[in-house]
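Only one structure is covered here, and it is reproduced in the block below.
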Amino acid sequence: MRPRAQARRILHRPLIIVVIGNSLGGPTGYAINPARDLGPRIAHAILPIKGKGGSDWGYSWVPVVGPIIGAIVGTVLYYLILA
């Protein structure tokens, strides 16, 4: 494999994570991992902090369901394209 092609393959996954973080990092705090979103959201809802806003439970399903849907789509594409 040529060095440039190999470099592109190596950088592909980290760049996807950076793009997701740059597009959603502000509103969600890089919540592409359910553990990084759900735990702080529960703590925010339970802890008595004066003047805090809502915990925005309407969005809490996205970091949980998103990776599951992504895994299913990735598996289907793998079997359709490579297998």
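Could you give every pair whose Cβ atoms fall below 6 Å, whose first residue belongs to the range 18-44 and is modelled with pLDDT under 80 and among the aromatic types (F, W, Y), and whose second residue is in a helix (DSSP H, G or I) and surrounded by 13 or more Cβ atoms within 10 Å (Cβ to Cβ), counting only separations of at least 6 or pairs across chains?
Y30/G21
Of the residues in the range 13-23, how many are within 17 Å of G74 (Cα to Cα) and surrounded by 10 or more Cβ atoms within 10 Å (Cβ to Cβ)?
Here the count works out to 3.
What number of residues within the range 34-83 are in a loop (DSSP other than H, G, I, E, B) and either exposed (fewer than 10 other Cβ atoms within 10 Å of the Cβ) or at positive phi (or both)? Can you show your working first?
Restricting attention to the range 34-83, the residues satisfying the condition of being in a loop (DSSP other than H, G, I, E, B) are 47-56, 60-61, 82-83.
When the remaining residues are screened for being either exposed (fewer than 10 other Cβ atoms within 10 Å of the Cβ) or at positive phi (or both), the result is 47-51, 53-54, 56, 82-83.
Qualifying residue count, the range 34-83: 10.
If you check every pair at least six apart or on different chains, which have Cβ atoms under 7 Å apart with a residue in the range 70-82 that is touching a residue at least 24 places away in the same chain (Cβ under 8 Å) first and a residue that is part of a helix (DSSP H, G or I) and hydroxyl-bearing (S, T, Y) second?
Final answer for the pair search is none.
The values are calculated or read from the model by the stated rules, or taken from the named source; none is laboratory data. Everything numeric in this text was worked out from a predicted model, so none of it was measured. When we count neighbours, we look across all protein chains shown, and the Cβ atoms used for this are built from the backbone with ideal geometry, even at glycine.
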